[in-house]
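S.K.: Quick one: this structure, given as structure tokens, is what I'll be asking you about.
The values are calculated or read from the model by the stated rules, or taken from the named source; none is laboratory data. Keep in mind that what you see is a predicted model, and the values were worked out from it rather than measured. Neighbour counts run over all protein chains shown; Cβ positions are idealised from the backbone, glycine included.
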Amino acid sequence: MKIEQTSVHGFPAAMWAMRNPMNSWDKMDSDFSVREDYPYYPFKIGPNDNTLAMKLIKAGTEHRKFLRIIHVSCFITIPRYIWQELDTYKIATVRNSCSTMHKLGSTDLTSEDFQDGVVMDQTLFQLNLWGKTYRENKDVKILRAMKQILPEGFLQSATYDMNYETAMNMYHQRKNHRMSEWSGKDGICEWIESLPMMSQWLHV
């Protein structure tokens, strides 16, 4: 699995929005100018803003609505069995996938197309045999058969977008998951914790 092209946006609007209930914008102290000393994300959350953010996060979902304004997107490649679990988070998420309907069978598959290289030789042989036939005659029945036997370990990529509230819920629900794609090194939870301010905000 791989997570690439991470992009985070919405922090300035979120910091402003969390102060709307008390009209306390004069207390904002974050710096959203480009800063060379913050190469990963070019802004610095001030101590006043961070204190309020953590207070609202700790107070619960009805008070931390500002998190829904902060969005993170990435290009993620994970096995289909993890996509099934990730797709349970359907609130404020967008998934734009690479299509097996359009691209499966367009080239031969190898063990590298499967998580940890795990695929039965017979299955791989059959997929590639049908794929060759499909490229020759474009019979949709063959494509349908390929999709029906495609292993759960097949690595599928997609651009994925969610907000910080969803990311936090995902982290707390999956950080001890038995699948290493969630809880292991370089897994989804570790990636979430690496996002701007998440290492503090997840543990208030």
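S.K.: Give segment 84-115 a look and list any residue that's in a helix (DSSP H, G or I) and either surrounded by 12 or more Cβ atoms within 10 Å (Cβ to Cβ) or of a type in the set (G, A, S) (or both), or say none.
M.R.: Result: E85, L86, T100, S111, D113, Q115.
S.K.: What are the residues in segment 9-44 that are modelled with pLDDT under 95 and among the aliphatic types (A, V, I, L, M), if any?
M.R.: Selection gives V34 alone.
S.K.: From the set of residues in segment 170-204 that are basic (K, R) and surrounded by fewer than 16 Cβ atoms within 10 Å (Cβ to Cβ), which is farthest from E4 (Cα to Cα)?
M.R.: R178
S.K.: Of all residues in segment 1-43 being within 27 Å of the chain's Cα centre (by Cα) and polar (S, T, N, Q), which is surrounded by the fewest Cβ atoms within 10 Å (Cβ to Cβ)?
M.R.: Selected residue: S33.
S.K.: Taking the conditions exactly as written (surrounded by fewer than 19 Cβ atoms within 10 Å (Cβ to Cβ) and either touching a residue at least 60 places away in the same chain (Cβ under 8 Å) or in the same structural domain as I192 (by TED's automatic domain parsing) (or both)), does R144 satisfy them or not?
M.R.: no
S.K.: Just need a number here: residues in segment 1-60 that are part of a strand (DSSP E or B) and either more than 24 Å from F75 (Cβ to Cβ) or in contact with a His (Cβ under 9 Å, 6 or more places away or on another chain) (or both).
M.R.: Residues flagged as part of a strand (DSSP E or B) and either more than 24 Å from F75 (Cβ to Cβ) or in contact with a His (Cβ under 9 Å, 6 or more places away or on another chain) (or both) within segment 1-60 amount to 5.
S.K.: While we're here: Only one residue in A167, A158 is within 17 Å of T6 (Cα to Cα), part of a helix (DSSP H, G or I), outside the structural domain of W130 (by TED's automatic domain parsing) and of a type in the set (A, V, I, L, M, F, W, C). Which one?
M.R.: Residue meeting the stated conditions: A167.
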